[in-house]
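The values are calculated or read from the model by the stated rules, or taken from the named source; none is laboratory data. Computed from a prediction, not measured in an experiment: that's the story for all the values here. All Cβ positions, glycine included, derive from the backbone under ideal geometry; neighbour counts span all protein chains shown.
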2 protein chains.
Amino acid sequence: MPLEIERKFLIKNSSYKTDSFKVSFIKQGFLNSNKNRVVRVRILDNSGFLTIKGISSSNGTSRFEWEKEIPLEEANELFQLCEKGVIEKYRYYVNHGDHIYEIDEFKGENEGLVIGEVELGSVDESFSKPTWVGVEVTGDTKFYNSELSKNPFSKWV
Amino acid sequence: MPLEIERKFLIKNSSYKTDSFKVSFIKQGFLNSNKNRVVRVRILDNSGFLTIKGISSSNGTSRFEWEKEIPLEEANELFQLCEKGVIEKYRYYVNHGDHIYEIDEFKGENEGLVIGEVELGSVDESFSKPTWVGVEVTGDTKFYNSELSKNPFSKWV
C-alpha cells in the first residue's frame with residue numbers, strides 16, 4: 001500500500017488564486033470517518049474515487065493510502081450510504097519550485113477554512129514555501145477532512 | 001447499485017457437505033461494521049474483494065450491495081486496517097432446484113454456527129428447501145457477519 005507523505009499549512013491570503021493553473025470542485029463523504037480506517041467517497045469534477053486511509057505515523061507526515069477510481073454514478077450511489085457531514089471544497093493547484101501545492105478552499109459548514117498541502121517523495125525532501133503559506137498543521141487531526149465532516153470549522157470555539 | 005435479495009436459514013445437519021459441488025475458504029474483515037454502511041474486505045480462496053453494503057429493507061430480504069474485485073496483495077494490506085474480529089468460514093455450494101444454496105460453516109470465535117443462504121432474482125421468487133434447511137433468520141441482524149465480528153456466536157448466552 002503506498003505511503004502518502006505530505007505537509008499541511010494554513011493559508012494567509014488569497015493570492016494562491018492568481019498563482020494557480022487549475023481549479024477543481026471536490027465533494028466527499030465518509031463511509032467511515034474513524035481516523036484509523038477512513039473510507040472516503042469522492043467526486044472530483046466528473047470523476048469518482050474510493051479511498052481508504054490508515055493511521056498516521058507519529059509525526060503525522062506519512063499515512064497509508066489506497067485509492068481506486070470508480071464510475072461517477074457508483075460514487076453518487078455510495079454517497080447515499082455515507083455518514084452525515086459531506087465536505088465540499090474548491091481545490092486550487094499551484095506550481096512552486098519542484099512541487100505542486102494543492103489549496104483547499106472549504107465551503108458549506110467549513111466555509112472560511114483554507115488549507116494548503118504539498119506532497120513529498122520522502123519525509124526529508126526539501127521544498128520551498130510560497131509567501132501565502134502560513135502556520136504548519138501537519139498531523140493535527142482536527143484538520144483531517146474526516147474530522148471536519150463531524151466537527152466543522154464553523155462550530156469551532 | 002444492485003439490490004441483493006436473499007433468504008437466510010440455520011442448518012440442521014451436515015448433509016449439505018455430501019450434496020455440495022464446491023467448497024471455498026473465506027476470510028473477511030471490516031473497515032466498518034456499522035450495519036448502515038458495512039465496508040468489508042474479503043479473501044475468497046485466492047481472490048480479493050472490497051464490498052460495501054447499505055441498510056436492509058424493513059423485512060431484511062433485500063440490501064444494497066457494491067462489490068469490486070481487488071488484487072490479493074491489496075486485500076491483505078487492507079486487512080491490517082480492519083477492526084478486530086476477523087471472520088473465517090468454509091463456504092459449501094449446493095445446487096437445489098433452480099437455485100444455489102451457499103452454506104457458511106464458521107470457524108474461530110463463531111465455530112458451531114452454520115448458516116445457509118439462497119439468492120433470489122426477486123422478493124417473491126419461489127424456491128424449494130433441502131431437508132437440512134432449518135429455521136429462517138433472514139433480517140435478524142445478529143447473524144450479519146458484520147455483527148458476528150463484534151459479537152461472535154461463542155459469546156452468545
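Quick notes on this one:
- Complete set of residues in region A:29-51 that are under 20 Å from A:Thr138 (Cβ atoms) and assigned to a strand (DSSP E or B): A:Val38, A:Arg40, A:Thr51
- Residue check: B:Thr18 meets all listed conditions (1) modelled with pLDDT of 95 or more; (2) farther than 21 Å from B:Asn151 by Cβ; (3) within 14 Å of chain A (Cβ to nearest Cβ) but one, namely (3).
- Just so you know, in region A:32-54 the residues that are of a type in the set (A, V, I, L, M, F, W, C) and under 21 Å from B:Ile70 (Cα atoms) include one that is farthest from the other protein chains (Cβ to nearest Cβ), and it is A:Ile43.
- Listed conditions (1) more than 13 Å from chain A (Cβ to nearest Cβ); (2) under 30 Å from B:Asp124 (Cβ atoms); (3) surrounded by fewer than 17 Cβ atoms within 10 Å (Cβ to Cβ); (4) modelled with pLDDT of 95 or more are all met by B:Phe25, apart from (2).
- Members of region A:61-86 that are at pLDDT below 95, away from chain B (no Cβ under 12 Å) and more than 14 Å from the chain's Cα centre (by Cα): A:Gly85
- Residue within region A:80-90 that is in contact (Cβ under 8 Å) with a residue 60 or more places away in the chain, part of a strand (DSSP E or B) and touching a Leu at 6+ places or on another chain (Cβ under 8 Å) present: yes
- Taking region B:97-157 and the strands (runs of 3 or more DSSP E) fully enclosed by it, the elements with 2 or more residues that are more than 21 Å from B:Val38 (Cα to Cα) are at B:99-106, B:133-136.
- A:Glu102 passes every criterion in (1) free of Cβ contacts under 8 Å to residues at least 24 places away in the same chain; (2) more than 19 Å from A:Ser24 (Cα to Cα); (3) within 13 Å of the chain's Cα centre (by Cα) apart from (2).
- Number of residues in region B:52-64 that are crowded, with 16+ Cβ neighbours inside 10 Å and either under 18 Å from B:Glu102 (Cβ atoms) or touching a Gly at 6+ places or on another chain (Cβ under 8 Å) (or both): the value is 7.
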